[in-house]
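Encoded as structure tokens, here's the structure I'll be asking about.
The values are calculated or read from the model by the stated rules, or taken from the named source; none is laboratory data. Bear in mind that the values here come from a model prediction, so they are computed numbers and not experimental data. With ideal geometry, Cβ positions are generated from the backbone for all residues, glycine too; neighbour counts draw on all protein chains shown. Heads up: the accessible areas ignore ligands, DNA and RNA and are worked out on the full protein's heavy atoms, side chains in. Shrake-Rupley method; radii C 1.70, N 1.55, O 1.52, S 1.80 Å.
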Amino acid sequence: MLLYLHIPFCDSKCFYCSFNSYVDKLEYKKKYMEAILKQFDYETQKFNIKKNSIKTVFIGGGTPSTVTPELYAPFFEKISKYFDGNLEITTEANPNSTTSKWIKGMKELGINRVSFGVQSFDNEKLKYLGRNHTSKSAVKAIENAYNTGIENISLDLIHDTKIDDKKLLKNDIDMAKKLPINHISSYSLTIEKGTKFYNIKETSKENTNEQIWFYEEIEKAGFPRYEVSNFGRYICKHNVGYWKHKDYIGIGAGAVGFKRDKRFYPHRSIEKYISNPLYQDIENISKIELKEEKVFLGLRSFVGFDKKILNEKESSKVDILIKEKKVMQKNGKIYNLEYLLSDEIALFILG
Ligand SMILES: C[S@@+](CC[C@H](N)C(=O)[O-])C[C@H]1O[C@@H](n2cnc3c(N)ncnc32)[C@H](O)[C@@H]1O
Ligand code: SF4
């Protein structure tokens, strides 16, 4: 079982970000961290959680480092009863709010992996993206985390912004390479409705050649690729669980839960969530939709999918793709050889 906790607070709103996070509701932190306890109790029944059930925990956001370890402590006390011995517990963090004290407190609670939202080591680009940290503070936060004993550290980068060029991107990789990290996620900038960038022209460029080059450079720097945007000597177990379609509990405003053929959506608004943390919209997922998700998710990463879930027509399309060396078959499973074409390949198979 995977457990996701959503923290919907941020110290500032980045110009590109449409995630469920708020900069003007920080006074709700305490009440919010109480509400998640109630939802977790409810989920233990719904998911029939037992001892050793929880294999991975991921705290995402928003910005988890805006909440103190003291406020997380009651949640950890509750969930730790269900921990499997050797579990991965990741938290996302923003370099600015990640102090040594915060990292130390979170490590004491059991955190053993931190994923930093760095985006770039270029100060101009950071300003352009509306980030509130600098290259120097990102380096310091990562070194602090490592010196505190966090063994698995990842950083997020964003590419395909208007101001990127090969020199800037190469510097980002060179900086990353020198740091004590074992994982990089690099996302192409997407422009979402409701963000500051949505109203500005040409903030992103879809430069496929530059993206291919950048991803190759990340691999050359010692981070093997295992998903469209993920690279590392360490593979994030929590994400692999999603791609393998495992059940997951989603705690918090805007979190999503998944059990067999249903998705659960608690309130997205912080106020509504606090007033009723047990409320959930339920989405029923049909067998066909589940199959399509398995194909899409499987092709986006190294996990692949079972060929036997496909019908005859779909299977024959996979055979064409095998001949064209776009995918390969091994022990009844289909694996993608062209991550950047993963959605197109899935659409071809299912279309
Ligand atoms: C929840 S944030 C990480 C933690 C923290 N909130 C931070 O930003 O430092 C998750 C990541 O999603 C990525 N992201 C968010 N919006 C994006 C967008 N529009 N395009 C590309 N990447 C995006 C960023 O790389 C960001 O680090
Ligand atoms: S990218 Fe991270 S810090 Fe920036 S607004 Fe989004 S969640 Fe908050």
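Looking at this structure, is Leu290 outside any loop (DSSP other than H, G, I, E, B), within 30 Å of Lys170 (Cβ to Cβ) and either within 16 Å of the chain's Cα centre (by Cα) or touching a residue at least 40 places away in the same chain (Cβ under 8 Å) (or both)?
No, not satisfied.
Find the residue count for the range 27-75, including only residues that are more than 22 Å from Tyr242 (Cα to Cα) and open to solvent by less than 30 Å² (accessible area, probe 1.4 Å).
Adding up the residues that qualify gives 9.
Out of Ser154, Ser188, which single residue is within 16 Å of ligand 2 (Cβ to nearest atom) and touching a helix residue (DSSP H, G or I) at 6+ places or on another chain (Cβ under 9 Å)?
Ser188
Does Phe296 qualify as being open to solvent by 50 Å² or more (accessible area, probe 1.4 Å) and in contact with a Ser or Thr (Cβ under 9 Å, 6 or more places away or on another chain)?
yes
Something else now. Mind listing just one residue for me: the one in the range 120-146 that is without any contact (Cβ under 8 Å) to a residue 40 or more places away in the chain and not aromatic (Phe, Trp, Tyr) and, of those, nearest to ligand 1 (Cβ to nearest atom)?
For the range 120-146, the residue satisfying everything is His133.
Residue pairs, Cβ under 8 Å, 6 or more apart or interchain, first in the range 188-201 and closer than 16 Å to Ile163 by Cβ and in the same structural domain as Tyr22 (by TED's automatic domain parsing), second among the small types (Gly, Ala, Ser) and within 11 Å of ligand 1 (Cβ to nearest atom). List them.
Ser188/Ser204; Ser188/Ser229; Leu189/Ser204; Ile191/Ser204; Lys196/Gly130; Phe197/Ser204
Only one residue in Ile320, Ile249 is free of Cβ contacts under 8 Å to residues at least 60 places away in the same chain and either of a type in the set (Val, Ile, Thr) or open to solvent by less than 30 Å² (accessible area, probe 1.4 Å) (or both). Which one?
Ile320
Kindly provide the set of residues from the range 85-101 that are under 22 Å from Lys136 (Cα atoms) and more than 15 Å from ligand 2 (Cβ to nearest atom), ordered by number.
Thr99, Ser100, Lys101 - these are the residues of the range 85-101 that are under 22 Å from Lys136 (Cα atoms) and more than 15 Å from ligand 2 (Cβ to nearest atom).
I'd like to verify a number: residues in the range 193-243 that are farther than 27 Å from Lys178 by Cα, surrounded by fewer than 19 Cβ atoms within 10 Å (Cβ to Cβ) and within 15 Å of the chain's Cα centre (by Cα), how many?
The qualifying residues number 1.
Inside the range 308-351, can you point out the residues that are of a type outside the set (A, V, I, L, M) and under 19 Å from Gly241 (Cα atoms)?
If the condition is that a residue be of a type outside the set (A, V, I, L, M) and under 19 Å from Gly241 (Cα atoms), then Lys333, Tyr335, Asn336, Tyr339, Ser342 are the ones that fit.
Asp41 passes all but one of (1) more than 10 Å from ligand 1 (Cβ to nearest atom); (2) part of a loop (DSSP other than H, G, I, E, B); which number fails?
So Asp41 meets the others, but not (2).
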